[in-house]
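Before any comments, here is the structure.
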Amino acid sequence: MCEGSALLEGVPGIAKTLMMKALSEAIGCSSKRIQFTADLLPTDITGFVAYSREKGFFIVKGPVFTNFLLADEINRAPPKVQSALIEVMQEKQVTIGKQTFHLERPFLVLATENPIENRGVYKLPEAQVDRFFFKILVDYPTLEQEEEIMDTNVSFRQFEDYDIKKVVNPDQILKMQKLVKKIYVHPKIRNYIARVVDYTRPLKKNKLKSIQKYMEWGASPRASINLYFAARANALVAGRAFVVPQDVKDIAYNVLRHRILLNYQAQIDGVKPEDLVYDILNHVEVP
């Protein structure tokens, strides 16, 4: 609904890739998957210019030419490859040689990331991380969920056996994206969003001691834009034609956690970005 991309972070074995495959089936869009590895090249993602005696020079399009791109273990590719995704995720276009191609709408990147490995992985460039609309943490299941997983796991079944039904199609998704833009946001709510994001910036003589002590860099204006759109989408899902402050609070963690950089003191004290978002939401006055 927000026309954005999402980064799923979690330890191995908790079905991040399976969730993405299930979602791609349910939304009824064309999908492609890229397994990121250390030897991946930018042209493996975007495409390249080829030559043959019969055709001459021609374009070979990469897997980004789809509606739903599954980027598995995205942090296993070097920064040069990650940079190739920046134009794709922000402008929804690809430049191959001297030609620029606009991607088919809707276009969505869902990426997975393993946070615990430190060999064979690369830190994602901040410019790319900022272009992810959401960063979603995938945690361990509950005991009840784990028992159910043991009965319904895919290790002994084919993915096709689950017969996932398509619940929407690309045209319906585009219509929902237009509806989101029509959701009313009161000027006071817009000001509330701006104040929440502004409080993440330690250089603004912030009154919050936790921000002054632990924050290295705050969120950019892109965070305000994404918070603004995500609150509208949250209101639409709740069946309302207007945004309330709780909509902002509901999605603030997913929008802000990857856009605020902590210093070394935060690592020493075991402080996480979510802790600072919690402080901000409790400190900023609600309209």
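Out of the residues in region 1-20 that are in contact with a strand residue (DSSP E or B) (Cβ under 9 Å, 6 or more places away or on another chain) and among the aliphatic types (A, V, I, L, M), which is surrounded by the most Cβ atoms within 10 Å (Cβ to Cβ)?
The residue in question is LEU7.
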Pairing a residue in region 1-20 that is free of Cβ contacts under 8 Å to residues at least 24 places away in the same chain and part of a helix (DSSP H, G or I) with any residue that is basic (Lys, Arg) and buried (at least 18 other Cβ atoms within 10 Å of the Cβ), where Cβ atoms lie under 7 Å and the two sit 6 or more apart in sequence or on different chains, gives none
Determine which member of the set LYS61, LYS55, LYS16 is charged (D, E, K, R) and within 17 Å of LEU108 (Cβ to Cβ).
LYS16
Quick check on region 89-104. Is at least one of its residues within 23 Å of ILE251 (Cα to Cα) and at pLDDT below 85?
yes
Per the filter on region 21-34, residues surrounded by 13 or more Cβ atoms within 10 Å (Cβ to Cβ) and either part of a strand (DSSP E or B) or under 19 Å from the mean Cα position of the chain (by Cα) (or both) are LYS21, ALA22, LEU23, SER24, GLU25, ALA26, ILE27, CYS29, SER31, LYS32, ARG33, ILE34
Considering only residues that are among the aromatic types (Phe, Trp, Tyr) and more than 26 Å from ASN153 (Cα to Cα), which ones fall in region 18-61?
PHE48, TYR51, PHE57, PHE58
From the list ILE260, ILE251, ILE211, which residue is hydrophobic (A, V, I, L, M, F, W, C) and either surrounded by fewer than 16 Cβ atoms within 10 Å (Cβ to Cβ) or out of contact with any Ser or Thr (no Cβ under 9 Å at 6 or more places or on another chain) (or both)?
ILE251
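May I ask you to verify whether LYS204 is surrounded by 11 or more Cβ atoms within 10 Å (Cβ to Cβ), modelled with pLDDT under 85, under 26 Å from ILE280 (Cα atoms) and basic (Lys, Arg)? Spell out how you get there, then give the answer.
On the way: surrounded by 11 or more Cβ atoms within 10 Å (Cβ to Cβ): yes; modelled with pLDDT under 85: yes; under 26 Å from ILE280 (Cα atoms): yes; basic (Lys, Arg): yes.
So LYS204 passes the test.
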Take PHE65 and tell me if it is surrounded by 13 or more Cβ atoms within 10 Å (Cβ to Cβ) and not in a helix (DSSP H, G or I).
yes
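The values are calculated or read from the model by the stated rules, or taken from the named source; none is laboratory data. Because the structure is a prediction, the values reported are computed rather than measured. So basically every Cβ, Gly included, is an ideal-geometry build from the backbone, and we count neighbours across all protein chains shown.
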